[in-house]
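Here's the structure, in structure tokens; my notes come after.
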Amino acid sequence: MLLVAGAAGCSSDDGKPAASEVITIAADLDNSSPVDIAYARALQLRIEQVNASGQLGDRQLRLTTQDNRNDPTSSMRNIGAFADDRSVAAIVSGACDQCVVGAAKTINDKKVPTISLGASEEVVNPVSSRRYIFKIGPNSADNASAMVSELRKAKTKNIGVLYADDLYGRGAQKALFTKTTGTGITSVGARAVKPTATDITQAIGTLAARNPSAIVVLTAPDLAQLAAVNLKQVGYKGRVYFDAAAAGDLFIPATASSATNNVRMVFTQILAIDDVIATTPAKSSRKQWFRDYTSRYGSYSGVAAFAADAVDLVADAVARVGADREGIRDILETSQVDGLSGPLRLTPDNHSGLMPQALTVLVARAGRWRLAS
């Protein structure tokens, strides 16, 4: 699928219209994933906004996407083709962590700057073999720190953990265990579930039967919502916490609305931006982005800001060095901006840019997310 933003001409010195230079951002996404659909929408909207702003002068961005079907082999093929297309200045990869990890050597060998929207920190680590790969979303260690702070505030004695058996889930579970060490918070057990599971009643029943003070869920949105529903069905009375991977739409589906009431989630402010007072230009920009996305698509997805920030980072580099991939990579590696998702700071030693202070605690109330305090 090829989506092309309109190119605006300008006048040359001799009065003849000069053609704009069209520079492509390529996206490797799973067309059946709600998260990646939100990424595709955000990428397209933000590219249109960048082009309309005139910040690139005679240059215009366009988006081209390919479906990876959440399959690393298909993703490798897509990324290889993008890298061989000299009109492609940068690649954005979607939620499939294993896809970009599997393609890391290709990305680095072909020297094409790539921004991953995946959750696992393995997409950018070790940096020595990920020189051309960058990440925007929350980091497991930062999620875990914010989660443990909230658990301690609630005087939590022990927890049960449900996590996805994938790169992100395993890393998140390990990070949470590390951060709880020495805090007095003990674990009554952890259960892994397949990311594609549709029945997790056994895992939920096992955790709930041990009656922990809280159950922490480290999965994608659909599994997190299913976990909340199952916990209510088995009569679990403790607190439930989601980490940032569970962030989806602003409005929680009706089937899970009651079950998720009072669930707390570590995420950025964007899902509760209505509760935020625009006291800085960055906060005003986030509120405007929220309105623009909602106006275009009817609702808001929490992950959309990550994709928009990816476009902004690439656009800033393109404004300075055009389609020069090496130049874009170098600029990305030292980018420091207050993005739509929060403050982003990238360095040669740290290719995962979202700062810990971007994270806050949200609470589900009446079927939508609000600031917890």
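The values are calculated or read from the model by the stated rules, or taken from the named source; none is laboratory data. As the structure is a computational prediction, the values presented were derived from the model and not from experiment. So basically every Cβ, Gly included, is an ideal-geometry build from the backbone, and we count neighbours across all protein chains shown. The area values use the complete protein model at the heavy-atom level, side chains included, leaving out ligands, DNA and RNA. Shrake-Rupley method; radii C 1.70, N 1.55, O 1.52, S 1.80 Å.
Below is a table of values for the structure above.
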item	result
DSSP beta bridges in the chain [antiparallel fraction, %, rounded to 5]	35 percent
Helix 281-297 vs. the chain, principal-axis angle (Cα, 0 to 90°, nearest 10)	90 degrees
Volume of the Cα convex hull of the range 194-350, divided per residue and given in Å³	164 Å³
Relative contact order computed over the chain (Cα-Cα under 8 Å; 6+ residues apart), in percent	16 percent
Highest average packing first - 90-99, 269-278, 162-171, Cβ atoms within 10 Å	90-99, 162-171, 269-278
Helix-only mean residue ellipticity at 222 nm for the chain, each DSSP H run of n ≥ 4 adding -39500 (n - 2.57), per residue, nearest 500	-12000 deg cm²/dmol
With DNA, RNA and ligands ignored, accessible area of V240 (1.4 Å probe; Å², nearest 10)	20 Å²
T65, T201, reordered so the largest accessible area comes first (probe 1.4 Å)	T201, T65
Carbon + sulfur, % of accessible area of the range 10-148 - ligands and nucleic acids excluded, 1.4 Å	49 percent
Three-way shape call for the range 133-265 based on the alpha-carbon gyration tensor, with the a/c threshold at 1.5	rounded
Farthest positive-ward along the chain dipole, Cα basis, beta-carbon charges - from A307, Y236, Y168	Y236
Lys, Arg +1 and Asp, Glu -1 on Cβ, resulting dipole of the chain about Cα centre, debye, nearest 20	1560 debye
Computed over the range 270-364, the ratio Rg/Rh where both radii use C-alpha atoms and Rh is Kirkwood	1.00
Area accessible to solvent at R152, 1.4 Å probe radius, in Å²	140 Å²
When the convex hull of its Cα atoms is projected in every direction, mean area for the range 37-160 (nm²)	10.4 nm²
Viscosity 1.002 mPa s, 20 °C: Kirkwood-radius Stokes-Einstein D of the range 246-298 over Cα pairs, µm²/s	170 µm²/s
Relative contact order for the range 197-323, counting Cα pairs under 8 Å that sit 6 or more residues apart, in percent	20 percent
Residue-normalised accessible area of the range 121-200, given per residue in Å² at a 1.4 Å probe	47 Å²
The range 82-225: relative contact order as a whole-number percent, Cα under 8 Å and 6+ apart	20 percent
Rg and Dmax [Cα atoms of the chain; Å; Rg one decimal, Dmax integer]	20.9, 79
Extension gain from S149 to R210, taking 0.36 nm per residue of separation minus the Cα-Cα distance	19.7 nm
Reach of K194 by Cα under 26 Å, taken over lysines that are not fewer than 8 positions away in the same chain	K135, K174, K179, K232, K237
Karplus (6.51, -1.76, 1.60) ³J(HN,Hα), θ = phi - 60°, over the range 217-225, in Hz, Gly and Pro reported as x	10, 10, 9, 5, x, 5, 5, 5, 5
